[in-house]
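See structure below.
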């Protein structure tokens, strides 16, 4: 276990599915240390592109008793990342100092094996760079000491209009993310594979309408 | 999963190469075997290994960096495979050149190690339940050796005719065994229940959850790499054709084809075609849990 483990906590109770985190992520990471995040045919008939973060929508229940769940999904920075040991070149690694799972784009041979080894589909092979890309928690932003401290957060967290995305060290029991996990029943995705995701999700809550 | 032709060719070609080498070496150890048979057997094995290796490069986005893949042998079965494959190729080359049984023995050990590495590349991925089974290793070994011994029959007919009969019998027996083991793995996989569900994927405990949008409409790496996108009918047709081509047809040619060189060549061609179909199905059959997140466009 690393001493520090940076992660996101995503509050499904307040996510409205606006995709602001998707576009701000794409904007920030298209340049900088992770960029470019290539698009193919962006304005043509069959556009496709590379993204670190997506917002998906699920319908739970049977009409008329249904609930819409907007579900942002990005790399979960697992404590036991199955994508790391399978990498034949060592390009895929988990940073000892803060637990971020990263790809060294100069070592990646683009074999795609790490993507096979990720149950969450968090990795995408860049179609023009031909190397594997994934969420870096905006590593070039959160560690940039030229930015004011309040701005040293992932682009998705800065962009979220409902504060559905929290960022911090989940190994520090007093951090905002640890408190949220503790007090709001934070849970992991696909716990059956024992990947121990660092990113956690906060469940939706029942709110009675006042009459 | 989407079947990748580079990997299909790699695994089938090197499997046959490994099987052929093993047949030649085992014969050399236990029977007096003419030099030509060893030479041509090793030559054919090297040709297949070369073609397999070449095919594997087409799987890489950055093939010029492939040398880096030898570095993570401590943790990665793929890295181990990348080391053992050229080592085994060198072993076959030395054995073919020198005829030394010691070199052959080393190559034989590397051959078995290569079967283990190739199988474990797939069997070690625990959430690909179709692959996570001893059957993956058994099938790679049996199908490789079966195709190798089938290939040795026409070679024997050319360079060592009195061995063609016994080898055809061996190819028949090994083909039958490989075929039965593959059927057993199909039965096993048909009974699998996926461990992950949409409920565990998004962490909402409800029996009825339907995806309404995956966040984009234009497709992505996730929708291309993990779905074969072929109709069920085609997948089933591939299954039935490889079940016919792996053993019943070549087995019939080996046993009742009149013993001509043409029938032996045809037996190998049919079986190898079946092997390509089998490997295609091996990928198509595997359901990746990430697909739970990509069920509906919008």
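The values are calculated or read from the model by the stated rules, or taken from the named source; none is laboratory data. Note that the structure is predicted; figures quoted are calculated from it, not measured. Cβ: placed from backbone, ideal geometry, glycine included. Neighbour counts: every protein chain shown.
Filtering B:159, B:115, B:135 for residues that are surrounded by fewer than 23 Cβ atoms within 10 Å (Cβ to Cβ) and modelled with pLDDT of 95 or more leaves a single hit, B:135. Filter region B:220-236 for residues that are facing another protein chain (nearest Cβ under 9 Å) and assigned to a helix (DSSP H, G or I) and give the result. Listed by number, the residues that qualify are B:221, B:222, B:223, B:224, B:225. Applying the selection to region A:1-12, what residues are part of a loop (DSSP other than H, G, I, E, B) and over 17 Å from residue A:54 (Cα atoms)? Selection gives A:1, A:2, A:3, A:4, A:5. With respect to being in contact with a helix residue (DSSP H, G or I) (Cβ under 6 Å, 6 or more places away or on another chain), at pLDDT below 95 and either part of a helix (DSSP H, G or I) or more than 23 Å from residue B:44 (Cβ to Cβ) (or both), residue B:178 falls outside the description.
Condition (residue is within 13 Å of chain B (Cβ to nearest Cβ) and assigned to a helix (DSSP H, G or I)) applied to region A:24-39: is it met by at least one residue?
yes
The conditions of being modelled with pLDDT of 95 or more, under 24 Å from residue B:141 (Cα atoms) and surrounded by fewer than 18 Cβ atoms within 10 Å (Cβ to Cβ) are met by residue B:266. The residue of region B:82-127 that is farthest from the other protein chains (Cβ to nearest Cβ), among those that are farther than 21 Å from residue B:139 by Cβ and in a loop (DSSP other than H, G, I, E, B), is B:99.
I'd like to verify a number: residues in region B:45-59 that are in contact with a helix residue (DSSP H, G or I) (Cβ under 6 Å, 6 or more places away or on another chain) and farther than 16 Å from residue B:87 by Cβ, how many? So the count comes out to 6.
Across region B:67-79, which residue is surrounded by the fewest Cβ atoms within 10 Å (Cβ to Cβ) among those that are part of a helix (DSSP H, G or I) and free of Cβ contacts under 8 Å to residues at least 40 places away in the same chain?
B:67
Checked against (1) surrounded by fewer than 20 Cβ atoms within 10 Å (Cβ to Cβ); (2) part of a loop (DSSP other than H, G, I, E, B), residue B:33 passes all but a single condition, namely (1). If you scan region B:195-219, which residues turn out to be assigned to a loop (DSSP other than H, G, I, E, B) and surrounded by fewer than 16 Cβ atoms within 10 Å (Cβ to Cβ)? Result: B:195, B:197, B:205, B:206, B:207, B:208, B:217. The lone criterion from (1) within 17 Å of the chain's Cα centre (by Cα); (2) more than 29 Å from residue A:13 (Cβ to Cβ) left unmet by residue A:127 is number (1).
Inspect all residues belonging to region A:167-189 and state whether any of them is out of contact with any helix residue (DSSP H, G or I) (no Cβ under 9 Å at 6 or more places or on another chain), under 22 Å from residue A:53 (Cα atoms) and within 14 Å of chain B (Cβ to nearest Cβ). Scanning region A:167-189, I find at least one residue that is out of contact with any helix residue (DSSP H, G or I) (no Cβ under 9 Å at 6 or more places or on another chain), under 22 Å from residue A:53 (Cα atoms) and within 14 Å of chain B (Cβ to nearest Cβ), so the answer is yes.
Would you be able to say whether some residue in region B:32-41 is within 21 Å of the chain's Cα centre (by Cα) and more than 14 Å from chain A (Cβ to nearest Cβ)? Checked against the condition, which is being within 21 Å of the chain's Cα centre (by Cα) and more than 14 Å from chain A (Cβ to nearest Cβ), region B:32-41 yields at least one hit. Of all residues in region A:101-114, those satisfying the criterion of being within 22 Å of residue A:199 (Cβ to Cβ) and crowded, with 24+ Cβ neighbours inside 10 Å are A:101, A:114.
Among the residues making up region A:52-87, those that are surrounded by fewer than 22 Cβ atoms within 10 Å (Cβ to Cβ) and part of a loop (DSSP other than H, G, I, E, B) are A:63, A:64, A:79, A:80, A:82.
From the list A:105, A:120, A:113, A:93, the lone residue that is without any contact (Cβ under 8 Å) to a residue 24 or more places away in the chain, within 12 Å of chain B (Cβ to nearest Cβ) and at negative phi is A:93.
When the residues of region B:185-194 are narrowed to those that are more than 30 Å from residue A:10 (Cβ to Cβ) and either out of contact with any helix residue (DSSP H, G or I) (no Cβ under 7 Å at 6 or more places or on another chain) or without any contact (Cβ under 8 Å) to a residue 40 or more places away in the chain (or both), which ends up surrounded by the fewest Cβ atoms within 10 Å (Cβ to Cβ)? Looking at the filtered set, the residue picked out is B:191. The conditions of being surrounded by 18 or more Cβ atoms within 10 Å (Cβ to Cβ), away from every other protein chain (no Cβ under 12 Å), in contact (Cβ under 8 Å) with a residue 24 or more places away in the chain and within 12 Å of residue B:251 (Cβ to Cβ) are met by residue B:172.
Can residue A:138 be described as over 17 Å from residue A:71 (Cα atoms) and either surrounded by 13 or more Cβ atoms within 10 Å (Cβ to Cβ) or more than 14 Å from chain B (Cβ to nearest Cβ) (or both)?
On the way: over 17 Å from residue A:71 (Cα atoms): yes; either surrounded by 13 or more Cβ atoms within 10 Å (Cβ to Cβ) or more than 14 Å from chain B (Cβ to nearest Cβ) (or both): yes.
For residue A:138, the condition - over 17 Å from residue A:71 (Cα atoms) and either surrounded by 13 or more Cβ atoms within 10 Å (Cβ to Cβ) or more than 14 Å from chain B (Cβ to nearest Cβ) (or both) - is met.
The set of residues in region A:13-23 that are away from every other protein chain (no Cβ under 12 Å) and either under 18 Å from residue A:77 (Cα atoms) or assigned to a helix (DSSP H, G or I) (or both) contains only A:20.
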